[in-house]
Each structure stands twice: as structure tokens, then as C-alpha cells.
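A.B. asks: One structure follows; several queries about it will come next.
The values are calculated or read from the model by the stated rules, or taken from the named source; none is laboratory data. Predicted model, so just to flag it, every value in this text is computed and none were measured. Heads up, the Cβs are rebuilt from the backbone with ideal geometry, glycines too, and the neighbour counts pull from every protein chain shown. Accessible surface is based on the protein model in full, side chains and every heavy atom, while ligands, DNA and RNA are left aside. Shrake-Rupley method; radii C 1.70, N 1.55, O 1.52, S 1.80 Å.
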Amino acid sequence: MKKITEELNIKFDKAICYSGFREGQSPDAGIFPSYEQIKEDLLILQGHWKYLRLYACDEQTDTVLEVIRNEKLDFQVMLGAYIGAEMNNFACPWGGVYSEGQLIANKEHNINQIEKLIQLANQYSDIVFALSAGNEATVSWTDHYVPVESVIRYVNIIKKGAKQPVTFCENYVPWLDHIKDLVEAVDFISIHTYPVWEYKNIHEALEYTKQNYYSIAEKYPHKPVVITEAGWATNSNGRGIDPGNVSEDFQSVYYQDLMKWTEEEEILCFYFEAFDESWKGSPEPMEPEKHWGLFTLDRKPKKVMENQFAELMKA
């Protein structure tokens, strides 16, 4: 299996998914973190993680890249475009059905995202080391379904416009069959693995993650495979995740086991995620989508991070 560090010409290091939306902020509302808020976040993360994954070419991403450059912070970024639904997905439990006019508007938005991705990749070529043509847009349950043919087209457009390696970030399952035609288009494969969403308990978690990873890496040995999301929630209201399977203790176990394995094997793994995000999912406070961070919404370290960030506990 080909090492991702060779494909990307990078040194192996720790990686994390970053989104800086705080209470009252969200991409849906168009309210984004300020320069100073993002600077505060990145100063917390600096020195502990080298690689950041960003999800959309929006105002937040503009500011993140600006902060990294202006403040001379030691980060490299995997930059993603957010592509919206181009087809209805009637199998999605929480939406996924749109008017024809909305689908047409989404296609225009997607092209704009891809063009912005290329522009930022070239403008910040010293910071952006890899590009993604989208996120979880082909899996069976997505509310923003995009046909694989469109994703391949976007990958090819990006390759023509930017020099960085290009991928597409998706749950591991579609890579096994549904999007196999995408494999040859991308420079490397990016998978998401969430044992707790699949009702695995903490004792089964790492082994299941390994199974997910190797099912793809062994199927496509000529393509490097990155884990662009893996994490463990700390709260749940029972929607999709058994509340008995999540806690700060379980997150700590999974994080430590995951980091040990990926470091030993030099598998680039973006941990999901840096900070809790209150805007996600349903309005219920214990909605699991809100509770994946290694840090709380108010930037306090959870149990797994306490020893490394003792000074934040006192702040």
C-alpha cells in the first residue's frame, strides 16, 4: 500500500478537522467567526496539530487562511469545496428533497465553489497542500446528493486549475462499490469511519476502524488512503447513537487508541473534530452532532486534552 506522505510529499504529523463556528454563528445564517476568534482557536491548536481540514470555500475559510499567513502559524491545510444537492435523495431521513429550481441553483453554486477552491489553492499555495472536491455527497443517507459523474467532473476541473493533489471525502462504504469509478480520477482516497454511529462500543471501536480502513486500502493498493474523519461523540440524545456508548472517557480511549495505531502505521488521520459546534443537527442540546470536539464550545479542553492544555482549564 502506497504511503500518503510519498504522494503528498509531506512529513507525517497529526491532523484535525477544524470549524470555528461559535454560539449564534453558523454557515446557514451567514454569521462567521471573526479574525480574532479564529486566531484564538488556531493558537490553541498550533504545536499540537500540523494539518487542518477545512470544509468549504466561504468567509470562514478566507479568514483562516489569512490568519495562518498573517500570524505566520505552522499549519498546512486540506481545503475542501462544499457541493450541494444536484439530485433528490428520497432515502435521506432528514431531508434531501428539493425543487427543480433549487437543484439548478445548487449546480451553479457548486461550480462557484470549485472555482473558488482553485483560486484559494493558487493564492495560498504555500499553505494549502491538498484539495477535496466535496464531502459526503454520494453516500446513501446524504441530504446533498451529487452523482458520481459530477464529482469526477469537478475533480478533473480542479486538477486542471491547481497543482495540489485532489481527493473527495466520503464515508468508507461508497468507495467499496458505488463510487469506484472515482478512484482513478482522484490522486488519493479519503474515507470517514465512525464506529459509534454504527452501534459499536468502545471495546470494538479501534478494530472496526481498522477494518474500515483496510477494506479500502487493500481493494485499491495503488492509491494512498487518508482518514479524513474519525472521532467519538461525548453526548447523545439517543438519535443514531446509544447514549451509553458516548462520554468523555470513551472519547479519550478512542482518541488515544486511534492516534497510536495511525502513528505506528503512518496513516494520515484527521481527527473529527477540534471544537464542539452548537449549530449542527437538531435544536436538542444533547444532539450528538453538537458534541464531537476535543474542546467544548467555550474552548475548554475535554478529558482527553486536559493534561496537554492545563492552562486553558484555569482560564
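A.B. asks: Identify, by number, the condition in (1) open to solvent by less than 60 Å² (accessible area, probe 1.4 Å); (2) more than 21 Å from residue 18 (Cα to Cα); (3) in contact with a helix residue (DSSP H, G or I) (Cβ under 7 Å, 6 or more places away or on another chain); (4) not in a loop (DSSP other than H, G, I, E, B) that residue 244 doesn't meet.
C.D. replies: (3)
A.B. asks: Quick one: in the stretch 294-303, which of the residues that are touching a residue at least 24 places away in the same chain (Cβ under 8 Å) and open to solvent by less than 60 Å² (accessible area, probe 1.4 Å) is nearest to residue 28 (Cα to Cα)?
C.D. replies: My answer is 297.
A.B. asks: Restricting to the stretch 249-275, name every residue that is assigned to a helix (DSSP H, G or I) and open to solvent by less than 70 Å² (accessible area, probe 1.4 Å).
C.D. replies: Within the stretch 249-275, 250, 251, 252, 253, 254, 255, 257, 258, 259, 261, 262 meet the criteria.
A.B. asks: Considering (1) in a helix (DSSP H, G or I); (2) buried (at least 17 other Cβ atoms within 10 Å of the Cβ); (3) among the polar types (S, T, N, Q), say which one residue 190 fails and leave the rest.
C.D. replies: So the condition that residue 190 fails would be (1).
A.B. asks: Any residue at all in the stretch 58-70 that's more than 28 Å from residue 266 (Cβ to Cβ), open to solvent by less than 60 Å² (accessible area, probe 1.4 Å) and not in a helix (DSSP H, G or I)?
C.D. replies: Scanning the stretch 58-70, I find at least one residue that is more than 28 Å from residue 266 (Cβ to Cβ), open to solvent by less than 60 Å² (accessible area, probe 1.4 Å) and not in a helix (DSSP H, G or I), so the answer is yes.
A.B. asks: Let me ask another. Restricting to the stretch 210-237, what's the tally of residues that are open to solvent by less than 40 Å² (accessible area, probe 1.4 Å), assigned to a loop (DSSP other than H, G, I, E, B) and either β-branched (Val, Ile, Thr) or over 15 Å from residue 194 (Cα atoms) (or both)?
C.D. replies: Of the residues in the stretch 210-237, 4 are open to solvent by less than 40 Å² (accessible area, probe 1.4 Å), assigned to a loop (DSSP other than H, G, I, E, B) and either β-branched (Val, Ile, Thr) or over 15 Å from residue 194 (Cα atoms) (or both).
A.B. asks: Output the qualifying pairs, or none if there are none: Cβ atoms under 8 angstrom, residues six or more apart or on different chains, first residue in the stretch 162-190 and farther than 18 Å from residue 116 by Cα, second residue at pLDDT below 95.
C.D. replies: 187/7; 188/4; 188/7; 188/8
A.B. asks: Still on this structure, I have one more. Taking the stated definitions as given, is residue 278 loosely packed, with under 14 Cβ neighbours inside 10 Å, among the polar types (S, T, N, Q) and touching a residue at least 24 places away in the same chain (Cβ under 8 Å)?
C.D. replies: no
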